[in-house]
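Contents: one structure, followed by commentary.
The values are calculated or read from the model by the stated rules, or taken from the named source; none is laboratory data. Keep in mind it's a predicted model, so treat the numbers as computed, not measured. Positions of Cβ are backbone-derived with ideal geometry, glycine not excepted, and every protein chain shown enters the neighbour counts.
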């Protein structure tokens, strides 16, 4: 295998997300990021299909300008947005999209070791999260809503659920995606995450 993916640090993920958002400052939907607009600006084509690879909602074609997605994801827009952001993240992290590179030899999913595949997927999900929920404005939105509910004497668990629901709606992601991002940014503890989402890892 000639290709070897270099896992990214949290700081590198955040810096990459910030660079992308700086490059496309007009691609916003309120506070939410217009990921489909960014995809369009990058010259990428979206190809919805009925049923894709097992255990996958989307993947990159051999031509990295084409993103294939399961058409069913569009029944829940927050999930669709995250899938698109994740596939764009794969291109940025692995295929040197900014330099106009192609899929490196040995980099197709079936050619990667289990160890390599784990870090590729982990980093793509992390970058998708950072892209859709920029750190500073996400933290500001999350904390403002939580303070508002705490001031109204809402029960702690209810306040957290409502905060995650509100923040998810603002950034057009699922409440669980908002919770995972909040955990990454140290806005809530893992115990708090599991109280709201018992099956969260």
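For the stretch 22-43, which positions are within 19 Å of residue 83 (Cβ to Cβ) and part of a helix (DSSP H, G or I)?
Across the stretch 22-43, the qualifying residues are 35, 36, 37, 38, 39, 40, 41.
Condition check: modelled with pLDDT under 70, assigned by TED's automatic domain parsing to the domain that holds residue 18 and farther than 27 Å from residue 166 by Cα. Does residue 52 satisfy that?
Here the answer is yes, as residue 52 does meet what is asked.
Pick out the one residue from 110, 166, 115 that is assigned to a helix (DSSP H, G or I) and modelled with pLDDT of 95 or more.
Exactly one of 110, 166, 115 is assigned to a helix (DSSP H, G or I) and modelled with pLDDT of 95 or more, namely 166.
Yes/no per residue for (1) surrounded by 14 or more Cβ atoms within 10 Å (Cβ to Cβ); (2) assigned by TED's automatic domain parsing to the domain that holds residue 78; (3) more than 28 Å from residue 88 (Cβ to Cβ); (4) touching a helix residue (DSSP H, G or I) at 6+ places or on another chain (Cβ under 9 Å):
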| residue | (1), (2), (3), (4) |
| --- | --- |
| 142 | yes, no, no, yes |
| 147 | no, no, yes, no |
| 151 | no, no, yes, no |
| 159 | yes, no, yes, yes |
| 168 | yes, no, no, yes |
| 173 | yes, no, no, yes |
| 177 | yes, no, no, yes |
